[in-house]
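The values are calculated or read from the model by the stated rules, or taken from the named source; none is laboratory data. Note that the coordinates shown come from a computational prediction; the quantities given were computed from them, not determined experimentally. Ideal geometry is used to build each Cβ from the backbone, glycine not excepted, and the neighbour counts take in all protein chains shown.
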Amino acid sequence: MKILVALTYYRPHVSGLTIYVERLSRALAARGQQVTVLTSQYDRALPLRAELHGVQIVRVPVLMRVSKGVIMPTIGLHATRLVPAHDVVNVHLPQLDAMGIALRGWLLRRPVVVTYHSDLLLPPSPINWLAQNVSDLANRVTARFADVLVAYTEDFAQHSRYLSRYPDKVRVIPPPVEIPEPSPEAVSAFRAKYHLDGREPVIGLAVRLAAEKGVEYLLEALPRIAERFPGVHVLHVGPRDAIGETGYVRRITPLIEQQRERYTFAGTLDLADMAVFFRNCDVHVLPSINNTETFGMVQVEAALCGTPTVASALPGVRVVSQMTGMGLTVPPRDARALADAICEILAHREQYLRPRAPIAAQFSPMAAAERYEGLFESLLKH
């Protein structure tokens, strides 16, 4: 089967969406499918053509950026060439170019499967208002041409302002999540590198520094946590210079400075180091504030490494702790509730631990790829 996958940002860009698509594409390729990823050349240093883990990558030059999106004048030419050369098209939203790609799939009678990762919510500004409305319109047209809309969970599908419009088209496939088991030696070396001895307990934060991630609420919760756990320390990993987030970084920097003694930023880590990071954390926190967060795959990664999570009770995000049995949820934007839940897990951590194997089986990339294959094959038969 020849599968065309389309999304705005692919690896080496780091986000939950790109990691999802990379894992799914690699798994599909490993199962013998021919996978081509159509994406942006968001960094001019990246080659226009590449192969990674058996996946063909076609990058389209970028003329300019609009908030977090990109303008690629030649993407239509690439889509016109690639869509008829493939059996099925898998478009990942949000993506400004999805409408044109889906239209080509519909016109050429290629099944179109749209994977919907999150609602797009841009910061207020005239240009973002325009981008938001154009994106919303494009998404609705894309749904018109799509055969199926894939959601991570039924919970998010029912509450999404987009997916809830098309209940008959929605299919649920849990996201692909994998992470290696870290060695004791690597865990110890990581602990020494970041001077974690004497900084206990350790709260892990694995998010890019972006407004929707709610980092400020964890920082605001720290004084209350420190009343019960005086040695508490936050270890933050992820991209610091996220695209389109310069203003947010500027606003939050003073708050980070206030908590300098309790906060360490470790930057972007590879998957092996992420496993070591999670193993060194006593609790992991996902304090996201809106529906741009629809699941939070880091919750599963943390669980696979033996670390429970406190997450915001957002649609989709709030069901992960039920699926893994490892964590609590709290109202978003509530620093006091966040602090109390973190303290609860730190005080009774053993109650929130579960075996790794059932969680790994539930979310394995191969299981997700098998579900997508079944969906593609059923569409090709009609």
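Restricting 101, 57 to residues that are on the phi < 0 side of the Ramachandran plot, among the hydrophobic types (A, V, I, L, M, F, W, C), surrounded by 14 or more Cβ atoms within 10 Å (Cβ to Cβ) and in a strand (DSSP E or B) narrows the list to 57.
Residues are listed down the side, and each one gets a yes or a no for (1) part of a loop (DSSP other than H, G, I, E, B); (2) over 30 Å from residue 335 (Cα atoms):
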{"position": "181", "(1), (2)": "yes, yes"}
{"position": "186", "(1), (2)": "no, yes"}
{"position": "189", "(1), (2)": "no, yes"}
{"position": "196", "(1), (2)": "yes, no"}
{"position": "205", "(1), (2)": "no, no"}
{"position": "216", "(1), (2)": "no, no"}
{"position": "219", "(1), (2)": "no, no"}
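When 197, 270 are screened for being of a type in the set (D, E, K, R), more than 30 Å from residue 358 (Cα to Cα) and loosely packed, with under 15 Cβ neighbours inside 10 Å, only 197 passes. Residue 147 meets the stated requirement of being of a type in the set (Asp, Glu) and either within 30 Å of residue 367 (Cβ to Cβ) or touching a strand residue (DSSP E or B) at 6+ places or on another chain (Cβ under 9 Å) (or both).
The residue of region 264-282 that is nearest to the chain's Cα centre (by Cα), among those that are charged (D, E, K, R) and modelled with pLDDT of 95 or more, is 273. Among the residues of region 226-233, are any among the β-branched types (Val, Ile, Thr) and under 18 Å from residue 346 (Cα atoms)? Within region 226-233, one or more residues are among the β-branched types (Val, Ile, Thr) and under 18 Å from residue 346 (Cα atoms).
Examine region 113-133 for a residue that is closer than 18 Å to residue 382 by Cβ and not in a loop (DSSP other than H, G, I, E, B), and state whether such a residue exists. Among the residues of region 113-133, at least one is closer than 18 Å to residue 382 by Cβ and not in a loop (DSSP other than H, G, I, E, B), which makes the answer yes.
Does residue 279 satisfy the criteria of being more than 29 Å from residue 42 (Cα to Cα) and in the same structural domain as residue 203 (by TED's automatic domain parsing)? In short, yes. A count restricted to region 66-92 and to residues that are within 21 Å of the chain's Cα centre (by Cα) and at pLDDT below 95 stands at 5.
You will find that of 375, 346, the residue that is under 30 Å from residue 202 (Cα atoms), in a helix (DSSP H, G or I) and modelled with pLDDT of 95 or more is 346 and no other. Annotation for region 148-168: at least one member residue is crowded, with 17+ Cβ neighbours inside 10 Å, over 30 Å from residue 259 (Cβ atoms) and of a type in the set (D, E, K, R).
The set of residues in region 249-263 being β-branched (Val, Ile, Thr) and either within 20 Å of the chain's Cα centre (by Cα) or closer than 25 Å to residue 184 by Cα (or both) consists of 249 alone. Looking at region 250-274, I want the residues that are assigned by TED's automatic domain parsing to the domain that holds residue 223 and have a partner that is aromatic (Phe, Trp, Tyr) with Cβ atoms under 7 Å, at least 6 apart or on another chain. Which pairs are those? Short answer, once both residue conditions are applied: 256/263; 264/194; 266/194; 269/277.
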